[in-house]
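Computed from the coordinates by the stated procedures, all read-outs in this text should not be read as laboratory data. Keep in mind that what you see is a predicted model, and the values were worked out from it rather than measured. When we count neighbours, we look across all protein chains shown, and the Cβ atoms used for this are built from the backbone with ideal geometry, even at glycine.
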Amino acid sequence: MVPTVAWMRQKFAEYNKKYFGGKIIMPTLRVANLTDRWGNYNPNAEYNWMTRKIVWSGNNRGVLTLTNAFDRPEKSVISTLLHEMAHAYVSIVMGLWPKNLHGAEFMAATEQIRADGWNINSETMQTQNDVRGKNENEKVSILCLIKNPQAEGYKYWICKATQQNMQQIRAVASKIQGVQSVEFYQVKSEAFTHVQSNPQNLFGWGGDTYTDAALKMAKYCGIRPNELAADNLEQIQ
């Protein structure tokens with residue numbers, strides 16, 4: 001089956017009551033043509049990085065997305081939905097965005113689900129790797145860093161690249177006045193494999209420093225900033 005928003009809404013209500021005590025305020029539900037993951041939950045909120053607490057804005061409770069790019073058995077799609085609902089529970093009900101997204105909080109939220117035989121961890125993680133493995137060029141997650149010392153306030157631009165479009169990005173960037181270098185880094189983080197480039201802007205996120213740009217990217221993509229820290233980057237040619 002291929003999920004629809006109407007199907008998601010029905011199943012969300014059913015499993016919210018069954019496994020989460022009906023406590024999860026329904027986030028925005030959507031389907032999208034994701035080809036590198038089965039689903040995603042993005043709180044789309046501000047965070048206090050010291051306390052790991054989420055700061056909600058108005059009625060926003062994030063976005064839960066399932067891919068419609070694949071026709072899968074319904075049980076498989078439900079497994080993905082349950083996995084993302086658990087992330088939503090940790091964020092919406094517990095008010096947390098923990099350092100380890102699949103750590104103690106996530107395991108506590110999924111205890112009854114796993115006890116009922118839903119294999120949500122291997123279902124989500126293994127199949128994501130299987131999908132990425134179909135394309136040799138998608139096995140490595142690559143961050144592109146473009147340095148432009150002459151730019152006003154945007155001396156560093158970063159985006160996600162692939163083996164296939166590295167040369168294309170380099171060629172386009174080289175034509176921009178003031179660009180000093182275009183560097184590519186392998187990101188040694190599982191979280192970055194789920195990041196989608198901003199389709200509206202080839203270079204994605206910019207700032208006066210690399211940290212500024214990385215913080216913008218992390219906020220937009222719903223990942224932790226330290227996923228893009230120096231110790232998670234390995235320069236490639």
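About its Cα centre, what dipole magnitude does the chain give when the only charges are +1 on Lys and Arg Cβ and -1 on Asp and Glu Cβ, stated in debye to the nearest 20?
Numbers: 26 positive and 21 negative charges, 81 e Å.
Here the chain has a charge dipole of around 400 debye.
Which of THR193, THR80, THR209 ends up with the largest GNM mean-square fluctuation for the chain, with Cα atoms connected below 10 Å?
THR209
What does the net charge come to around TRP205 if you take all other residues with beta carbon closer than 11 Å to its beta carbon, with K and R at +1 and D and E at -1?
After counting each charged neighbour, the total is +2.
Helix 74-88 versus the longest principal axis of the chain: what is the Cα-based angle in degrees, 0 to 90, to the nearest 10?
The angle comes out at about 70 degrees.
When only Cα pairs under 8 Å and 6 or more residues apart are kept, what is the percent relative contact order across the range 5-130?
Details: 166 pairs, mean separation 34.5, N = 126.
Relative contact order, the range 5-130: 27 percent.
May I ask which residue of ASN33, ILE92, PRO73 lies farthest towards the positive end of the charge dipole of the range 5-130, with charges of +1 (Lys, Arg) and -1 (Asp, Glu) on Cβ and the Cα centre as origin?
So the residue furthest toward the plus end is ILE92.
If we count every other residue with Cβ under 13 angstrom of LYS11's Cβ, Lys/Arg +1 and Asp/Glu -1, where does the sum land?
On the way: positive: ARG9, LYS17, LYS18, LYS75; negative: GLU14, GLU74, GLU84.
Residues close to LYS11 contribute a combined charge of +1.
Rounded to the nearest 0.05, what FRET efficiency do VAL172 and GLU234 give with R0 = 22 Å and r taken as the Cβ-Cβ distance? Could you check? Walk me through the numbers before you get to the answer.
Values: r = 24 Å, r/R0 = 1.08.
For VAL172 and GLU234, the calculated efficiency is 0.40.
On a 0 to 90° scale, report how tilted helix 210-221 is relative to the longest principal axis of the chain, with both axes built from alpha carbons and the result rounded to the nearest 10.
Long axis of 210-221 versus the principal axis of the chain: about 30 degrees.
Let me check I've understood the local charge: for SER57, count other residues with C-beta under 13 angstrom from its C-beta, Lys and Arg +1, Asp and Glu -1. What total comes out? Write out the running numbers ahead of the final one.
Details: positive: ARG61, LYS219; negative: GLU46.
So the environment of SER57 carries a net charge of +1.
What angle do you read, to the nearest 10 degrees and between 0 and 90, between the alpha-carbon axis of helix 120-133 and the longest principal axis of the chain?
Once rounded, one gets 40 degrees.
Provide the FRET efficiency to the nearest 0.05 for the LEU215-GLN163 pair, computing r from the beta carbons and using R0 = 30 Å.
Working: r = 26 Å, r/R0 = 0.88.
For R0 = 30 Å, the calculated efficiency reads 0.70.
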